[in-house]
């Protein structure tokens, strides 16, 4: 059963804490992405990776970090430097960044208490 | 920088009606355009993808058109059903990556 999984579905964080959101795909896709979605807003790109051990900043990378040590995994860390981290986070993957459709995971809702 | 606008922001229609959702974009130098569906609290599901060289794509009751020169796309939904209720997102892929509109929140009244 191929697809993209994200965990956890809901995450609560205290101010000042770092948290890591998991994203795993078994589609054998080279490219992976992290987006943030706020109510009434379109998706905004945080980071993307086109190949293992390489990643690039998106439009709103400040306060976030990623790693791409394995093709299947692209975890996102929300650091304490992120001023307003409460949002819905979506992970996606595709064969390549230019020509292929992106396939999305179910999302993680992060709430800062 | 690419900007994508979707009109209307929200739409409520009785079941059975045909309807059109609109998407416009500012930079016509795109690779493709996609329409996605998002249910509340869920991820995105790709509905249709139109390559820049194509004019339209069809899937079941859905038809999407693309006029790249004028920076416009429409998503036509025929014979709407309550199960079509969701938010519909338009996204264009260009050199800057995938740029999304804010979506149209669609409610189909039974």
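Residues in the stretch B:48-58 that are more than 10 Å from chain A (Cβ to nearest Cβ) and buried (at least 18 other Cβ atoms within 10 Å of the Cβ): 2 in all. Every condition in (1) within 14 Å of another protein chain (Cβ to nearest Cβ); (2) farther than 18 Å from residue A:92 by Cα; (3) surrounded by fewer than 18 Cβ atoms within 10 Å (Cβ to Cβ) is met by residue B:104 except one, and the failing one is (3).
The selection criterion, being at the interface with chain B (Cβ under 10 Å from one of its Cβ atoms) and exposed (fewer than 14 other Cβ atoms within 10 Å of the Cβ), holds for residue A:40.
To keep it simple, each residue is scored yes or no on (1) within 13 Å of another protein chain (Cβ to nearest Cβ); (2) within 15 Å of the chain's Cα centre (by Cα).
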{"site": "B:17", "(1), (2)": "no, no"}
{"site": "B:30", "(1), (2)": "yes, no"}
{"site": "B:37", "(1), (2)": "yes, yes"}
{"site": "B:42", "(1), (2)": "yes, no"}
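Return the total of residues in the stretch B:73-97 being in a strand (DSSP E or B), at pLDDT below 95 and over 15 Å from residue B:48 (Cβ atoms). Residues in the stretch B:73-97 being in a strand (DSSP E or B), at pLDDT below 95 and over 15 Å from residue B:48 (Cβ atoms): 2 in total.
From the list A:5, A:77, pick out the single residue that is under 14 Å from the mean Cα position of the chain (by Cα), in a strand (DSSP E or B) and more than 14 Å from chain B (Cβ to nearest Cβ). So the residue among A:5, A:77 that is under 14 Å from the mean Cα position of the chain (by Cα), in a strand (DSSP E or B) and more than 14 Å from chain B (Cβ to nearest Cβ) is A:77. The condition of being more than 11 Å from chain B (Cβ to nearest Cβ) and under 16 Å from residue B:99 (Cα atoms) holds for only one of A:49, A:65, A:93, A:22, that being A:93. Inclusion of residue B:69 among residues that are modelled with pLDDT under 95, part of a loop (DSSP other than H, G, I, E, B) and either more than 9 Å from chain A (Cβ to nearest Cβ) or surrounded by fewer than 19 Cβ atoms within 10 Å (Cβ to Cβ) (or both) is warranted.
The values are calculated or read from the model by the stated rules, or taken from the named source; none is laboratory data. What you are looking at is a predicted structure, and each value in this text was computed from that prediction instead of being measured. All Cβ positions, glycine included, derive from the backbone under ideal geometry; neighbour counts span all protein chains shown.
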